[in-house]
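Written out below as structure tokens is the structure these notes cover.
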Amino acid sequence: MRQNSRAITILMADDDPDDRMLTRDAFEESRLRNEFETVEDGEELMDYLHHRGKYSGEAARAKPGLILLDLNMPRKDGREALKEIKNSPELRRIPVVVLTTSKADEDILRTYDLGVNSFIVKPVTFEAMVDVIKTLGKYWFEMVELPPEGDMD
Amino acid sequence: MKLSHKLILGYLLVASLASFTTYFALHSYQNIDESFKNLMSEPVPMIKSLEAIKDAGFHIISSTGEICFILSLSTNSNKNGLAEEEQQLIDGLKKYREALKHYEELINTHNSSEIKFLEVIKKHGNDLIQTSEQIIAMSRKRITGEEILEKRKIFEAQERVFLQSIDNALLNEYGELTNAQETVQATIARATDRTLLFTFFTFMLAIISGLYISRHISNRINKLKEASEKVGQGQLETIIEIKTNDEIGALARSLNKMVGDLKKSGVELMLSKNFVDNIINSIADVLFVLDTDLKIIRLNQAAIDLTGFSKDELIGHSIKMLRNDTEFFNDQDVEELQAKSCVSGIETFWQAKDSRIIPILFSASIIHDSKGEASGIVCVAQDISERKKIESTLRHNEEKYRELIENANDVVYTLDLSGGFTSLNRAGEQKTGYTRAEALHMSIGEVVGKEDLERIGQRIAKNLAGEVQPNIELEINAKDGSKVMLDISSRLIYQDGAVVGIQGIGRDITERKRAEKEQARLNEQIENQRQRLDTIIANVQGVIWETRINPDDPPNRLDFVSDYVVTMLGYSVEEFTSTPDFWLSIIHPEDRERTLREVKELYKSKQSGTLEFRWITKDGRVIWIESRDEIICNEKGKQIGMRGVTIDITERRQAEEKLRIFNGKLQQSNRELQDFAYVASHDLQEPLRKVQAFADRLNSKYADVLTGSGLDYLERMRNAAQRMQTLIQDLLTFSRVTTKAKPFVPVNLEKVTREVLSDLEVSIEQSGATIEIDDLPEIDADPTQMRQLMQNLIGNALKFHHKDTSPFIKISAQTSENHSNDNGNGRLCEIMVRDNGIGFDEKYLDRIFTVFQRLHGRTDYEGSGVGLAVCRKIAERHHGTITAESSPDKGSTFIVVLPFKQLNEELN
């Protein structure tokens, strides 16, 4: 178990403001030390990741260490964004966890096909949500070795 | 004319011919000689002349050459030689001119055609001479080189031409010479031939005349010789026929006279003896003359021939020797002969020398001398072996004939004029049962039936009147009462020109008659069947057809087509069978190729099959056709045709089409519904989750701030949201019974139930329930839905229990027969879930199976009221039913009836 000294950002993409709020609350409850950022849809997500549009001045900002991705979003949905991320050489190393209300088999299969790292159905109760966030943090930041931040080869 | 004169004349003739021939030969020789001389006179001098010209020419040529040569020498040393040569040249020239002149004279003398040669020779000769002069002149001038060479060449050419012209003339002369020779030879040949001919002729003449004369003489001498021999033999009537006036003639005449004299001296006596002998010898029968002791004293040639004995062996012996025994001409015969003095017509036999038996017809009579005493016996015998042979053959034939009749298969009989039997053969005995002895006492009328009696009588009468009757079929009553059918032909029997009876031959046709009856019966049966078949075919609502067909090998024939073709297509049977391919020609163009191909494949496969295609009726409508075809094979298994039934399936296809379309719509509707349900449930659930989530937050974060009622409100809110969620889930489940239906597979109900029980373990423990399961069968069903069904039913049974009583649930099944099911699926399975719970009033039976209908308040028993509605939907989908029996507080039994077997409907 490695203690992560860097401040790793967890980025959530979800169109529902309530869900964003609840997740942020759950995040706080879980006492993870990471930064928590949110974007509203797939477009914003890509802008964030590529440091453009709204985020064009943030070139120095480090890439997020984990992306929590909702599937059904306006403008660009999670599936498209996932495809773009996993096809982009500079972004595809970022672990992506889909966090969605949908239980549909096609969604699960499709996203795994696209290369998603995990698929989690949004829990119903708040406590369960806190649990998920805690586990996510423990799993992804303590157990798992993340790809080191380095330049592109 | 005297002989000597004739001879002399003959010799003279020959001699003169010979001398004439000689003269002719000499004359011919002279002619030849002369003509030869003549012919030779002309060409020979010509040749000589031409040779002279040639010779002269050579002189000129050689002299010219010499002169030139000498001139070409640089030294003047050979002046003499030159002069010599010049002189030679002049000589040559002179000779040439002379020879030429001579030739010309000859030509003119004979006026012959050689003049053309002369002209040519002259010309060439002149050219040559000219050139020679030119060359010599050039040489004198000491001209050398090209000029003189040219001249030399010309000279040489002219020399050749000159010589050639002379040669041509010479050839011509030689030719003439040859012709002359040939002519002479021909003449010689002709003369030779003629001479030879004359010589030959002369020779022949000499021989002929010599022969003639000598013959003439010797002939007559022969005649004389013969005549005298005849006279010597006693033929005194002989006359020598030589009437010439010469010496021989005189001889003949005197001989004749001599014979005439002899005749008169009476040798006739001797001749007459021979005469009698001849008679005796020439008769064909055997003649013996015996003395009184029966010894043979005379016999004739026939006796020798017949008996094989020689004359010496017979003469002097007793006639009895002609037989080995003593039976011939025994004492008894002798007595008889003496009494009658003549016996005749006795058939007996002799034995020849080689012991052959010879049958003879014998007669004898006594010879009386002039005093009337018996002096001998004359016997005559005829060889009757031929006659005997014929008699035996006749007897043999007659026997054979009799046998034939006896052994014939047919009845052969004869009747007398009143119809009584006069004979009956063995076949007749067998068939009628009467012996021929019995038949002889019967008439034909007694063996036939009364009806036929008259027919017979008429027939006999007509027969006797001379009318020839055709065959008649009669039924004969046999002795044992059985009946025999005979086919009788009869004819009259004649004897000495009068009719004495009737002969009849009867063939047994009993069997044939029976066979005919049987055949008629069978024919009637066949006719009946045919009529039945016709009726059937007429009533079938399809075209029944049969064809001898081979799609690869026309012509085909359509053997049979039922009348229904008129109803189906509007074409008459004649139109339909007008061409073998008519059926093909009225197929819809789009289907034609495929149908033909399918027919050919079917034909090759030798099996039956079904074809579908479209026909166009006479009035232009398009109808769908299903043709059920069978291939006809012969006993070797080779295809020889097809037969089948063709029906109009237009309505069926239209119905199928509608169904297909409807199914499609249904499927689409289901899909839309499913999508809608999914989306709806998803989107509907979303706000609920939020409500719950925030209610939770409120609870955890601000529980101390909210007072009791606040918390209570919060609780109610949460419950409401929860209920909403459950409701939506249940609705989704309900809709999925149709939309997520899976195909039917065999499902073991017992296994499913046990799985459900294991899922409900917690509830079962909590309620302390006892579950009993009987054997449950396996049925065709949707496994998931069966699970849902059992879960709902058992879940309900567990839920609706008395508060103080542990639930007791029994699950069982039984089989029942299908009475009213329009699916017609046979056996049904009845599943029963019985509990001892709270029960219900059966008047609510319908309500409980309706969606969202509950019989209790929310607080009493939870649940959204969808469970039983889902169960009913599942039962309906499985073509079954669900019902319940219950009364309040007495528990309930829920009965689900499902068919054992399901057909899997196509879902597209």
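The values are calculated or read from the model by the stated rules, or taken from the named source; none is laboratory data. Keep in mind it's a predicted model, so treat the numbers as computed, not measured. FYI the Cβ positions are ideal-geometry reconstructions off the backbone, even for glycines, and counts take in every protein chain you see.
For the reader, a short list of remarks on this structure follows.
- Among the criteria (1) surrounded by 13 or more Cβ atoms within 10 Å (Cβ to Cβ); (2) at negative phi, the one residue A:51 does not fulfil is (2).
- Of all residues making up the stretch B:120-147, the number that are free of Cβ contacts under 8 Å to residues at least 12 places away in the same chain and hydrophobic (A, V, I, L, M, F, W, C): 2
- Any hit, the stretch A:137-150, residues being under 28 Å from residue B:675 (Cα atoms), in contact (Cβ under 8 Å) with a residue 24 or more places away in the chain and more than 14 Å from every other protein chain (Cβ to nearest Cβ): no
- Residue in the stretch B:439-462 that is at pLDDT 85 or above, assigned to a helix (DSSP H, G or I) and more than 19 Å from residue B:407 (Cβ to Cβ) present: no
Let's see how each residue does on (1) surrounded by 16 or more Cβ atoms within 10 Å (Cβ to Cβ); (2) at negative phi; (3) at pLDDT below 85:
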{"residue": "B:820", "(1), (2), (3)": "no, yes, yes"}
{"residue": "B:825", "(1), (2), (3)": "yes, yes, yes"}
{"residue": "B:836", "(1), (2), (3)": "yes, yes, no"}
{"residue": "B:843", "(1), (2), (3)": "no, yes, no"}
{"residue": "B:846", "(1), (2), (3)": "no, yes, no"}
{"residue": "B:858", "(1), (2), (3)": "no, yes, yes"}
{"residue": "B:870", "(1), (2), (3)": "yes, yes, no"}
{"residue": "B:876", "(1), (2), (3)": "no, yes, no"}
{"residue": "B:880", "(1), (2), (3)": "yes, yes, no"}
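- Residue that is more than 60 Å from the chain's Cα centre (by Cα) and over 30 Å from residue B:131 (Cα atoms), where the choices are B:73, B:106, B:26, B:93: B:26
One line per residue, one yes/no per condition, for (1) of a type in the set (A, V, I, L, M); (2) free of Cβ contacts under 8 Å to residues at least 60 places away in the same chain; (3) within 14 Å of residue B:646 (Cβ to Cβ):
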residue	(1), (2), (3)
B:544	yes, no, yes
B:548	no, no, no
B:566	yes, yes, yes
B:570	no, yes, no
B:590	no, yes, no
B:596	yes, yes, no
B:600	no, yes, no
B:621	no, yes, no
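- Counting only helices (runs of 4 or more DSSP H) that sit wholly inside the stretch A:1-117, those with at least 1 residues that are of a type in the set (S, T, N, Q) and within 14 Å of chain B (Cβ to nearest Cβ) are A:17-30.
- Conditions (1) at pLDDT 85 or above; (2) within 25 Å of residue B:304 (Cβ to Cβ); (3) of a type in the set (Asp, Glu); number of the one not met by residue B:391: (2)
- Top-ranked residue in the stretch A:118-133 [being within 16 Å of residue A:16 (Cβ to Cβ) and assigned to a strand (DSSP E or B); ranked as farthest from the other protein chains (Cβ to nearest Cβ)]: A:120
- Residue among B:513, B:517 that alone is closer than 30 Å to residue B:423 by Cβ and either in a helix (DSSP H, G or I) or of a type in the set (Lys, Arg) (or both): B:513
- Residues being without any contact (Cβ under 8 Å) to a residue 60 or more places away in the chain, within 14 Å of chain A (Cβ to nearest Cβ) and surrounded by fewer than 18 Cβ atoms within 10 Å (Cβ to Cβ) are entirely absent from the stretch B:730-741.
- In the stretch B:684-721, of all residues being basic (Lys, Arg) and at the interface with another protein chain (Cβ under 9 Å from one of its Cβ atoms), the one that is nearest to residue A:101 (Cα to Cα) corresponds to B:689.
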